[in-house]
Amino acid sequence: MTQQDLPAAAAGRFNFPGTKLSVNRMGYGAMQLAGPKVFGPPADPEEARAVLREALVLGVDHIDTSDFYGPHVTNDLIREALFPYADNLVLVTKIGAWRDDKADWILDRSPDFLRKSVEDNLARLGLDQMAIVNLRMGGPDDDIVAPMRAMRQMQDEGLIAHIGVSTVDAAQLQTARDIAPVVCVQNHYNLVHRVDDAMIDALAADGIAYVPYFPLGGFTPLQSDVLKQVADDMGQSSQAVALAWLLQRSPNMLLIPGTSRRGHLRSNIAAAGLKLETQQLARLNAIAGMV
């Protein structure tokens, strides 16, 4: 079986313009490998490592992680399971937050903290340079100028190859792009939550990847009677149909669904080969106007 025949390759590839990076559009998000509330170790560390190894066997070459998942848990698991890394594996992290001892998420985008975060990710993963680092913002009122300048500085120094941004609106994205090239945007988006429709289309025109987090609803699973009806008619799971819809939504859409079980991983990645017909797409597209 060639690389092109692997399940994760069925949705095609995305080439990041102006870079040497190219990934299958179906990737994997490591967040769920940590314990409950994305805090502490997993109940079954060996299964977590097996999931990571299985992902690569299935053709995944894009893994999303962060040192604040756990904290440190997912990065440690990735290194334990996959190091030394395959030449084609693109590891992407995000910075801008940390976890306290109550499992709360504390945002911090000060330059010193961002630098420490990048250094921590590099050390835990055993890398000299991160392929992509996403700057995680907290909302549209956050000033992105100072943290983006810090990101640009680390890029100039070689700690970061490419910069992405997360949880941003159109104005923040434009400000970020005025400071440094942005290769991807990671925002909340799925079949029901579609605030970023216009942004996705604009990014596609500019060749910038869009990577939706919570593609299946996140901590509250995606619920829709229409989705279930379409899935039942197709003999597929609602999750697979929702992922397939995202892949057909736009050619710059990269998926990173997460799971801590190999069976669920296989089901998610199989969605890369699922094609929705025009009528099915129309029914699913209409969901956004119903919620």
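What to note about this one:
- Listed peptides 252-265, 43-56 by packing density, highest first (mean Cβ within 10 Å): 252-265, 43-56
- Axial C-alpha extent at least 30 Å, average Kyte-Doolittle at least 1.0 - helices from the chain (DSSP): none
- Normalised alpha carbon radius of gyration of the stretch 34-164 [divisor 2.2 N^0.38 Å]: 1.06
- Listed pairs Lys20/Lys94; Lys37/Lys94; Lys94/Lys275; Lys228/Lys275 exceeding 23 Å between Cα atoms: Lys94/Lys275
- Burial ranking of peptide ranges 230-237, 132-139, 80-87 (average Cβ count within 10 Å, highest at the top): 132-139, 230-237, 80-87
- When peptides 173-184, 191-202 are ranked by their average number of other Cβ atoms within 10 Å per residue, the highest-first order is 173-184, 191-202.
- log₁₀ of I(q)/I(0) at q = 0.11, 0.16, 0.22 Å⁻¹ - the stretch 113-241, Debye sum with one point per alpha carbon: -0.48, -0.85, -1.24
- Cα gyration tensor category, rounded, prolate or oblate, for the stretch 1-75 with a/c compared to 1.5: oblate
- The stretch 188-217-the stretch 96-122 distance, computed between alpha-carbon centres (Å): 25
- Taking 1.306 mPa s as the viscosity and 10 °C as the temperature, the Stokes-Einstein diffusion coefficient of the chain based on its alpha-carbon Kirkwood radius rounds to 83 µm²/s.
- Computed on the Cα atoms alone, the convex hull of the stretch 207-248 gives a volume of 66 cubic angstrom per residue.
- Note on Gln248 and Arg177: the model spin-label points, each 7 Å out from Cα along the C-beta direction, lie 2.8 nm apart.
- Estimated from the Cβ-Cβ distance and a Förster radius of 35 angstrom, the FRET efficiency linking Arg152 and Asp225 is about 0.15.
- Linear extension gain, Ala103 paired with Tyr85, 0.36 nm per residue minus alpha-carbon span: 3.5 nm
- In terms of overall dimensions, the C-alpha atoms belonging to the stretch 179-291 reach 47, 33, 26 Å along their principal axes, ordered largest to smallest.
- Here the simple spin-label model places points 7 Å from the Cα toward Cβ, and for Asp233 and Val57 these points are separated by 3.6 nm.
Read-outs: derived from the displayed coordinates by stated rules, not from any lab. No experiment lies behind these values; they were computed from the predicted model shown. With ideal geometry, Cβ positions are generated from the backbone for all residues, glycine too; neighbour counts draw on all protein chains shown.
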